[in-house]
Amino acid sequence: MTDEDLYVDGDGARWAFGTGFTDPLHGIDQTVPDGVDAEDLAACCLALGDDALVSAQRLAEWCTRAPELEEELALANIGLDLLGQARLLYARAGRADGTGHGEDAYAYFRDPEDFRNIRLAELPGGDFAFTVARLLVLSVWRLAVCEALATAPDPVLAAIAAKSVKELAYHRRWAAEWTVRLGDGTEESAARMRAALDELAPWLDELLSDSTAARLGAEPAAVAARTRLELFHVLADAGLNRSTDVSPLDTSAFLPGSGRNGQHTPHLAPLLAELQSVARAHPDASW
Amino acid sequence: MSPTSKAEWPLYEVFVRGKRGLNHVHVGSLRAADDDMALLHARDLYTRRNEGVSIWAVRSDTIAASAPDEKDPFFAPSGDKVYRHPTFYDIPDDVPHI
């Protein structure tokens, strides 16, 4: 079955395969419109694409290792949503930066210093609580960014963002439910959730001060404020807030540098080595 | 995790209404800690291929089911009563779903 067949809602479609698939970019002009800075657009697509690709890879690492069969599939589904976002964003980046590179060139044939993901995304998986906490933070932030970008001056980026919003709203819901379940669960689960939040605290500043999408309509201060507020509410439900003040998500111990400038932790290289090994061993293969 | 330390999550039965379907159809089972989680799991397990527009999840132990050894008393008596089928009507072409 080709992709095209899947998008057609024909009478021959069988219930078990699902029907009525939609192409999020159907009918949208791919030309970069006048008034959009192509360099900003490419940088934004690359950064958000790298966040998604690296996050997807970390989520995929749970395959065969998740605590429950159902959660394993949930994590894989979320990863695949993000992988889909990365593919569209890379394709847009290749168009905007004038290189004409396809998605594979970005995913498989760049070295760690060329990646622009924030460092929080590349940290090793740790335990389930850390995966939940990181996914909560990243999906809340990314949802705020994508909602703003859904009205971006570039129609392709706007369409990708609009598609992503629906996916991210589910990721946020999944992560928020588990945050509350663990935070408000047993002593052990609450302790692990608190440890996970402590572990990611030093990386929050990089995320909350990120201005990659600023010139395309996602105002950093507004995105950061909304991220803080939403996290505050979820952590309050989970009994995990240390203070009643919305603003002190503890970002005081932040670590200097930024993945947005290509400065990464040592954890990114092995992640990419695994991700890229097959494509680099067989550079002309198609799949 | 040792088997003794792990209380198993309760079993749920999942019913999905497809885009083309008029009613919810049983698609399978899953385990979940509570109703909310059952819905998320049902979404993740049984609607990944764009099958559904609505989900019901029901605790399996709340379903009243007929027993296999009562199959004959339950179902055999209707086996020879063909007159109960309304086969003697002409159904107009424009009446759907019959």
- Work out, in µm²/s and without decimals, the Stokes-Einstein translational diffusion coefficient of chain B at 20 °C, 1.002 mPa s, Rh from Kirkwood over C-alpha pairs. 125 µm²/s
- Note on the structure: Regression test value, accessible area per residue of the protein assembly as shown, probe 1.4 Å, units Å², expected 54 Å²
- Message: Using Cα-Cα distances under 8 Å and only pairs 6 or more residues apart, what relative contact order does the stretch B:9-98 have, in percent?
- Response: 28 percent
- Task: Give me the Kirkwood hydrodynamic radius of the stretch A:64-118, using the inverse of the mean 1/r over all pairs of distinct Cα atoms, in Å to one decimal.
- Result: 12.9 Å
- Message: Starting from a Cα-only point model with no solvent, please compute log10 I(q)/I(0) by Debye for chain A at q = 0.10, 0.14, 0.17 1/Å.
- Response: -0.54, -1.07, -1.50
- Query: By how many degrees, between 0 and 90 and to the nearest 10, does the Cα long axis of helix B:35-46 differ from the longest principal axis of chain B?
  - Reply: 70 degrees
- Note on the structure: Taking Cα pairs closer than 8 Å and at least 6 residues apart, the relative contact order of chain A in percent is 22 percent
- Sorted by mean Cβ packing within 10 Å, highest first, what order do the peptides A:134-140, B:76-82, A:197-203 take? A:134-140, A:197-203, B:76-82
- Dipole magnitude of the protein assembly as shown about its Cα centre (Cβ charges: Lys, Arg +1; Asp, Glu -1), debye to nearest 20: 320 debye
- Could you give the angle, 0 to 90 degrees to the nearest 10, between helix A:128-149's Cα long axis and the longest principal axis of the Cα atoms of chain A? 50 degrees
- Kirkwood hydrodynamic radius over Cα pairs of the stretch A:130-269, then Stokes diffusion coefficient at 25 °C and 0.890 mPa s, in µm²/s: 156 µm²/s
- Beyond 20 Å, the calculated P(r) of the stretch A:117-199 holds a percent of Cα-Cα pairs equal to 41 percent
- Message: So if I take the alpha carbon set of the stretch B:43-98, get Rg, then get Rh from the Kirkwood formula, what is the Rg over Rh ratio?
- Response: 1.15
- Item | A/B buried area, accessible surface, summed, 1.4 Å probe, Å² | 2100 Å²
- The Kirkwood hydrodynamic radius of the stretch B:8-63, taken as the inverse of the mean 1/r over all distinct Cα pairs, in Å, comes to 11.1 Å
- Message: Taking each residue in B:34-46, count the Cβ atoms of any other chain within 10 Å of its Cβ, then average. What number comes out?
- Response: 4
- Message: Quick one: 3J(HN,Hα) in Hz for the stretch A:205-212, Karplus 6.51/-1.76/1.60 with θ = phi - 60°, rounded, Gly and Pro as x.
- Response: 4, 4, 6, 6, 9, 5, 10, 4
- When the accessible area of chain B is computed with all protein chains present and a 1.4 Å probe, what percentage of it is carbon and sulfur? 55 percent
- Query: Listed highest first by mean packing, meaning other Cβ atoms within 10 Å per residue, what order do A:74-82, A:56-64 come in?
  - Reply: A:74-82, A:56-64
- Note on the structure: Between the Cα axis of helix A:38-60 and the main Cα principal axis of chain A, the angle (0 to 90°, nearest 10) is 60 degrees
- Query: Give me the Kirkwood hydrodynamic radius of the stretch A:62-160 in Å, from all C-alpha pairs, to one decimal place?
  - Reply: 15.4 Å
- Calculate the length of the line joining the C-alpha centroid of the stretch A:161-232 to that of the stretch A:77-127, in whole Å. 20 Å
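The values are calculated or read from the model by the stated rules, or taken from the named source; none is laboratory data. As the structure is a prediction and not an experimental result, all values here were calculated from the model. Positions of Cβ are backbone-derived with ideal geometry, glycine not excepted, and every protein chain shown enters the neighbour counts. For accessibility, only protein heavy atoms count, side chains too; no ligands or nucleic acids. Shrake-Rupley method; radii C 1.70, N 1.55, O 1.52, S 1.80 Å.
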